[in-house]
1. Checking N305 against (1) farther than 27 Å from E69 by Cα; (2) surrounded by fewer than 22 Cβ atoms within 10 Å (Cβ to Cβ), only one condition comes out false. Which one?
2. Restricting attention to the range 124-157, which residues are touching a residue at least 60 places away in the same chain (Cβ under 8 Å), in a strand (DSSP E or B) and either more than 9 Å from the ligand (Cβ to nearest atom) or within 21 Å of R324 (Cβ to Cβ) (or both)?
3. List, please: which pairs have Cβ atoms under 7 Å, are six or more places apart or on different chains, and start with a residue in the range 222-235 that is charged (D, E, K, R) and end with one that is part of a helix (DSSP H, G or I)?
4. So E203 fits all but one of (1) more than 28 Å from E74 (Cα to Cα); (2) crowded, with 18+ Cβ neighbours inside 10 Å; what number is the exception?
5. Restricted to the range 111-123, and to residues that are within 22 Å of Y236 (Cα to Cα) and more than 7 Å from the ligand (Cβ to nearest atom), which residue is nearest to the chain's Cα centre (by Cα)?
6. Looking at this structure, is V164 closer than 30 Å to E361 by Cα, of a type in the set (V, I, T) and within 22 Å of the chain's Cα centre (by Cα)?
7. Restricting to the range 161-183, count the residues that are buried (at least 23 other Cβ atoms within 10 Å of the Cβ) and assigned to a strand (DSSP E or B).
Amino acid sequence: MTALPSWVVWRDGLRRAALVSILVRNRKRRLLPNPIHDRNSLMTTSLNADLTTDKPWQSMASRVLEGEELSADEALQILSAPDVEVLDLLHAAFRVRHRYFGRSVQLYFLMNAKSGLCPEDCSYCSQSKTSTAEIPKYNLLRRDELLAGAKAASERGAKTYCIVISARGPNEREMAAVEKIVPEIKQQYDLDVCACLGLLTVEQADRLAACGVNRVNHNLNSGEEFYGEICTTHTYQDRVDTLHAVRDAGMELCSGGIVGMGEKPRDVVDMAIQLRELRVESIPVNFLNPIEGTPLAGRGELTPNYCLKVLAMFRLVNPEREVRIAGGRELHLRSLQALGLYAANSIFVGDYLTTKGQLPEADYTMIRDLGFEVTQNTL
Ligand code: SF4
């Protein structure tokens, strides 16, 4: 007898679990006739979905696997899926994830190489000049500190070491320091290096490529229409220009965004489609951590189910690209964190720039419990 593929076993198990929970919920609903329903938000959807009819998610995944691109309206449909369809949606996303990444999970390790002191006014960012958040503020770390970070990344099984500075763009001293340290890191450790240094000129991008930087992170953060609401000191087009400079210099692109800043679902879709058009290799999806002292403090409209729909949408719109669950994972996905990896194929291990992540051991356990495995770097 041929053994069933493991994803089929997983799917059927989840469907059985979903059916039991729906039966229990339907019984409860007969006793409680007012289902939770927020008409003003796509983030909380009706529990009254019809579970007996065919849903579009599997045929959407099949079309994506045949090479078709989803339209913006279809992507929007994913974000407005009823919560009870999230498991079906994740199954559809997992079919696509499995085609390109199997059960692998890539780990990234962040090093906040220069913290605070940024002249820009990005309203989500605790390092901005407009933020009064209590965060460590320091200039570019020393060589030995950057090397120690690379060692920690390597010991934690990360594939990529991300060197991040808070800045509109790097000054000459910072550029020179990066040019010096990157070859050393790559000589000593089996790591890719991703640099996140802010806006870059064509010349700066060329210099980063020449010193061995594999990839540059520069997030679009949201859709073009919404961008002016979260930053006034530079434009969305400035960010797109930097991505073009990085591509032209021959490096890979890492670019994603932040969900939960007050944008409409359409803005999230616009960003996902723009990232597809830019052929970005790696897409970090952050869920806003509304840090006290930033203009967006106090926002809290995300639900775990909506976050899962966002991840599924990014997977189906950008099927063969790396999708990473980035900042806000622990805060917003909470007990559903593991489910996010059925759509995404990558996470940060350790802390974020100015906020804590869960312990690396908890991440390794989660990955093991899923039956997934960490990608080993083969450099
Ligand atoms: S440019 Fe970067 S570091 Fe500066 S405020 Fe914006 S997000 Fe924060």
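The values are calculated or read from the model by the stated rules, or taken from the named source; none is laboratory data. This one's a predicted model, so the numbers in the text were calculated from it and none came from an experiment. Every residue, glycine as well, gets a Cβ built from its backbone with ideal geometry; the counts of neighbours run over all protein chains shown.
1. (1)
2. none
3. Close Cβ pairs satisfying both conditions: E224/Y236; E224/D270; E225/D267; E225/D270.
4. Going through the list (1) more than 28 Å from E74 (Cα to Cα); (2) crowded, with 18+ Cβ neighbours inside 10 Å, E203 breaks only (2).
5. First pass over the range 111-123, keeping only residues within 22 Å of Y236 (Cα to Cα): 116-123.
Now restrict to residues that are more than 7 Å from the ligand (Cβ to nearest atom): 116-117, 119, 123.
Working: G116: 22, L117: 25, P119: 25, S123: 19 Å.
Per the criteria, the residue is S123.
6. Numbers: closer than 30 Å to E361 by Cα: yes; of a type in the set (V, I, T): yes; within 22 Å of the chain's Cα centre (by Cα): yes.
In short, yes.
7. Final tally of qualifying residues: 4.
Matching residues to (1) over 22 Å from the mean Cα position of the chain (by Cα); (2) at pLDDT below 90:
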site	(1), (2)
F109	no, yes
C125	no, no
P136	yes, yes
K159	no, yes
E184	yes, no
Q187	yes, no
V193	no, no
Q204	yes, no
